[in-house]
Amino acid sequence: MASSSSVPASPAQSKKPRDKIADWLRQTLLKKPKKMPISRESHPSDGSQTAPQDGLPSPSRSSPPSCSSHPSCSSPPSHSSHQSRSSGLSPTLQPTHMDPSSSSGRWSKDYDVCVCHSEEDLEAAQELVSYLESSKASLRCFLQLRDATPGGAIVSELCQALSSSHCRVLLITPGFLRDPWCKYQMLQALTEAPGAEGCTIPLLSGLTRAAYPPELRFMYYVDGRGQDGGFYQVKEAVVRYLETLS
């Protein structure tokens with residue numbers, strides 16, 4: 001009976017190794033799906049894998065959001081520079097940061113500044129006008145060779161520009177003192193507003209105080225020997241005068 005009882009026990013014991021092997025295979029098969037995400041990068045065309053890959057590996061998909069959020073991409077530089085130039089050249093455009101109703105006196109004239117200069121200082125006058133027009137105040141400037149009416153008389157155009165401007169900037173240089181026409185501009189500017197303080201702004205450039213015209217000795221001038229050529233002081237003087245008109 002002992003030998004008969006030991007015979008059926010051997011098949012049950014022989015099944016244990018096979019059960020262990022089967023359990024190991026099942027565990028191995030169950031672990032394989034965890035390694036499947038590695039194959040997602042090698043199969044970008046799989047529909048189930050496109051969702052996690054959007055915005056991560058593809059630079060073409062991630063670049064549009066950054067471009068649309070960047071102001072330099074949404075507006076080309078050439079278009080923005082054209083807008084700034086057009087707002088400066090047109091005297092009828094009103095600056096967006098200023099309320100016309102709060103400074104109605106400013107809009108009673110066509111220009112904020114009339115720049116008087118000699119012909120040889122045209123380049124310096126253009127730089128000054130560009131600085132004033134591109135400032136936050138968006139000052140409206142009259143530059144004779146640019147804004148005078150074609151075919152109009154020179155003297156008439158000058159007188160009209162002076163009377164249509166709140167301020168006059170005299171770009172006083174060695175060339176200005178040598179030019180009789182510039183002296184006429186200076187005297188005409190003083191005649192237009194003899195008692196108004198701050199509307200005539202002399203900008204002394206390339207000269208010492210000893211060369212300062214005696215006709216202007218009763219008013220202060222802007223020294224153009226600074227780093228910006230005195231442009232900032234001229235702009236502040238014009239803005240300060242315009243604030244008194246509101």
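Net charge of the neighbourhood of residue 229, taken over other residues with C-beta under 15 Å away and scored Lys/Arg +1, Asp/Glu -1, is -4.
The phi-based Karplus calculation (6.51 cos²θ - 1.76 cosθ + 1.60; θ = phi - 60°) puts the 3J(HN,Hα) values of the stretch 231-239 at 5, 5, 5, 5, 4, 5, 5, 5, 4 Hz, whole numbers, x for Gly and Pro.
Surface analysis of the stretch 99-165 yields an accessible area of 48 Å² per residue, using protein heavy atoms and a 1.4 Å probe. The order of the peptides 198-208, 181-191, 161-171 by mean Cβ neighbours within 10 Å, most packed first, is 161-171, 198-208, 181-191.
Karplus-based coupling profile of the stretch 160-169, in residue order and whole Hz: 5, 5, 5, 6, 9, 10, 6, 10, 10, 10, with θ = phi - 60° in 6.51 cos²θ - 1.76 cosθ + 1.60 and x standing for Gly or Pro.
Placing 110, 228 in order of accessible area, with the largest value first and a 1.4 Å probe, yields 110, 228. Treating each Cα of the stretch 192-246 as one equal point scatterer and applying the Debye formula with no solvent, the log10 of I(q)/I(0) at q = 0.14, 0.28, 0.30 Å⁻¹ comes out as -0.41, -1.18, -1.24. Close amide H contacts of residue 114 (hydrogens built in the peptide plane, cut-off under 5 Å, sequence separation of 5 or more or a different chain): 142, 167, 168, 169.
The values are calculated or read from the model by the stated rules, or taken from the named source; none is laboratory data. The shown structure was predicted, so the numbers you read here are calculated from the model rather than taken from an experiment. When we count neighbours, we look across all protein chains shown, and the Cβ atoms used for this are built from the backbone with ideal geometry, even at glycine. SASA here: full protein model, heavy atoms, side chains in, ligands and nucleic acids out. Shrake-Rupley method; radii C 1.70, N 1.55, O 1.52, S 1.80 Å.
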